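Worksheet: the structure to be examined is printed underneath.
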Amino acid sequence: QVQVVESGGGLVQAGGSLRLSCAASGSTFSINVIAWYRQAPGKERELVAAISSDGGSNYADSVKGRFTISSDNAKNTVYLQMNSPKPEDTAVYYCNAMWGVRSSWGQGTQVTVSS
């Protein structure tokens, strides 16, 4: 079993920066992929970025060049560095850890980008 907890959300001005953290615990050695999703009011949850256990990563087109996903294996933590955020990035950001056919979601952290 794996648990994840997000932190680092808050209010940020457009063009600023913010870093989200996703701390994993439990059977972290079994994790294949950790991903960040987001859900804005009235919208579907969408994939923002993902990083695999071999270090490969992928991004939604809307955040490419602005957001960076990275991992610190010693701390069992995945980060989402958000540079030059836009008001449309405002959403609740969720961390999801996947192992085998199972996954675990965090409780989410609110990110609000002011114009």
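Quick notes on this one:
- The relative contact order of the chain comes to 38 percent, based on Cα pairs under 8 Å that sit 6 or more residues apart.
- Excluding same-chain neighbours fewer than eight residues apart, the lysines reachable from Lys75 by a Cα-Cα span under 30 Å are Lys64, Lys86.
- Gaussian network model of the chain, springs between alpha carbon atoms under 10 Å - residue of Arg102, Arg38, Arg66 with greatest fluctuation: Arg102
- Solvent-accessible area of the chain (1.4 angstrom probe, protein heavy atoms only): carbon and sulfur portion equals 48 percent.
- Cα-based values for the chain, radius of gyration first and Dmax second, are 13.3, 41 Å.
- Of the GluC sites (Glu not before Pro) found in the range 37-115, those that fall in a DSSP loop while having at most 15 other beta-carbon atoms within 10 Å are Glu44.
The values are calculated or read from the model by the stated rules, or taken from the named source; none is laboratory data. Here the structure is a predicted model, which is why all the values come from computation and not from measurement. In this analysis, Cβ positions are derived from the backbone assuming ideal geometry, glycine residues included, and neighbour counts consider all displayed protein chains. SASA here: full protein model, heavy atoms, side chains in, ligands and nucleic acids out. Shrake-Rupley method; radii C 1.70, N 1.55, O 1.52, S 1.80 Å.
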